[in-house]
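Colleague: Take a look at the following structure, please.
Values in this text are rule-based calculations from the coordinates and carry no lab data. Only a predicted model underlies this, so the values are computations on that prediction, with no experimental measurement involved. Note: ideal-geometry Cβ built from the backbone for every residue, glycine included; neighbour counts use all protein chains shown.
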Amino acid sequence: MKKLVLLVALIGCLTSANAQNVNPYDQIGIDHNAGLRYLLPHLNICMDRSTAISVAKPLLQNFFSSSQMGGYDNCTQFESIEESLLYLRNNCSAELNNEVDIVVNYVMNNLSVSSIQTKMDNQINNANNIRNSTEKQNFLAFLAVVKYSAEFWLPLDLGGENGLQYIGASGGCTDTPNLRAIKWYKVILQDALGTVVGGALGGPPGAVAGLVAQSGGEIITQLP
């Protein structure tokens, strides 16, 4: 009987630990990747950033019109990681900035899908360090986009889906992307910081179309 009680207690502890590492905003990351799979065949690597984003927005408005995550959002974003971080420094709590900094530094130095996914799941409980409920929500959305953006964009040898495979060759563009030239951490973090900045500016973090448009623009910018 005592062994049975111990076994039940152990199962309860394990279940509780697993539940703590479930991000309620993971669907944002899932929608983000679905949007990219739809969008990228309509882009080509000869486009500049502004052209890519202008092409992306009406396509995504249609794609996300029936999304359960809030539909199309022309999300305001900055064009660099540094600009996004500066906005957060000046407008959000030290608690949020501390947690974002941990993630940013980790992604910049650990580019593999498995390591990033594990780290993002482990950071979920750190949302409790953020007292403001809106900032806490934005941080969880940020973690979800980091996790799923890494899964989508990173090359196969880093455990990713190699999102570049979806980019089309429309408009007579015959250039071949140079994977070694791409700073993957910039693509991932540009995605994710757009989530938390958009939330800080008052946009719903569940509306991911703006993030997807910027993600496509960022990758197009980096392709030589």
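Colleague: What does segment 116-168 give for Rg and for Dmax, in Å, if only its C-alpha atoms count?
Modeller: Here Rg and the maximum Cα pair distance are 13.8, 44 Å.
Colleague: Take His42, His32 and order them by how many other Cβ atoms sit within 10 Å, fewest up front.
Modeller: Exposure proxy ranking, most exposed first: His42, His32.
Colleague: Using just the C-alpha positions of segment 81-155 as equal point scatterers, what log10 of I(q)/I(0) does the Debye formula give at each q in 0.21, 0.26, 0.28 1/Å?
Modeller: Debye output, listed in q order: -0.93, -1.28, -1.39.
Colleague: Please work out how much length the chain gains when fully extended from Asn132 to Leu86, using 0.36 nm per residue of separation minus the C-alpha to C-alpha distance, in nm with one decimal.
Modeller: Computed gain between Asn132 and Leu86 is 14.6 nm.
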